[in-house]
Amino acid sequence: MGIHHVSWQSTASGIENEYIHAAALSSLVGDDEAVTIERMNSYHGSPIHLVTAELSKKGKATKSLARLGKEVLESIKSEIGTRLDENNVLHIRLDLINLIAGKIELTIPGERPTVKGKAKLEVYPGNDSITVAISTLDDAINATLN
């Protein structure tokens, strides 16, 4: 058991440097090649950049979670009931400004920009999704210690 895939996403306005967002997401996944930038227009016509990092291999996805650090992973574990949806997706939101500065901090939607993370858990019939999520987070915590 573990993670099917993990994705991180941030949105940069047309006047922001989207490469700073890309560098921040690259630090989360540990792979520059996994980061893409899609340029588009917002609903109102202004340019925006959707910056995404995706990992589909279990080992790399678990290492991406481990990069969050023990303290953040423990916080996610304590809030598992509100972070895990009915599709077995673990939702994580990080403060973008702090991430750019090299500090990983959980946050909620608000006035500061965020990075949205989704980790699709590998849950099979007969498995309890909460148990699988906690086990997966424990694996990531153990990876931070090694």
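FYI, it's all coordinate maths here, none of it is from the lab. The shown structure was predicted, so the numbers you read here are calculated from the model rather than taken from an experiment. Heads up, the Cβs are rebuilt from the backbone with ideal geometry, glycines too, and the neighbour counts pull from every protein chain shown.
Shape call for the stretch 91-146 from the C-alpha gyration tensor, a ≥ b ≥ c root eigenvalues: rounded (a/c under 1.5), prolate (a/b greater than b/c) or oblate?
Note, shape of the stretch 91-146 comes out oblate.
Using the C-alpha gyration tensor of the stretch 3-145, what are the square roots of 5 times its eigenvalues, in whole angstrom, with the largest one first?
Semi-axis lengths for the stretch 3-145 are 27, 15, 15 Å.
Tabulate in residue order the Karplus-calculated ³J(HN,Hα) for the stretch 96-106, using 6.51 cos²θ - 1.76 cosθ + 1.60 with θ = phi - 60°, rounded to whole Hz; enter x for Gly and Pro.
Each residue of the stretch 96-106 in turn: 5, 4, 5, 4, 4, 7, x, 10, 9, 9, 5 Hz.
Within the stretch 57-146, count lysine pairs with alpha carbon atoms under 16 angstrom apart where the residues are 8 or more positions apart or belong to different chains.
For the stretch 57-146, qualifying lysine pairs total 12.
Please arrange S13, S129 by how many other C-beta atoms lie within 10 Å of their C-beta, fewest to most.
Placing the least packed residue first, the sequence is S13, S129.
Residue-wise, which Karplus ³J(HN,Hα) couplings in Hz belong to the stretch 15-23, taking 6.51 cos²θ - 1.76 cosθ + 1.60, θ = phi - 60°, and x for glycine or proline?
Values, residue by residue: 9, 8, 8, 5, 6, 5, 4, 4, 5 Hz.
Hey, can you grab everything whose amide H is under 5 Å from the amide H of H5? Only 5+ residues off in sequence or another chain; H modelled, so Pro and N-termini drop out.
Placed amide hydrogens put K120 under 5 Å from H5.
With θ set to phi - 60°, apply the Karplus curve 6.51 cos²θ - 1.76 cosθ + 1.60 along the stretch 56-73 and write out the HN-Hα couplings as whole Hz, x wherever there is a Gly or Pro.
Taking θ as phi minus 60°, the curve returns 10, 8, 4, x, 5, 5, 5, 5, 4, 5, 4, 5, 5, x, 4, 4, 5, 5 Hz for the stretch 56-73.
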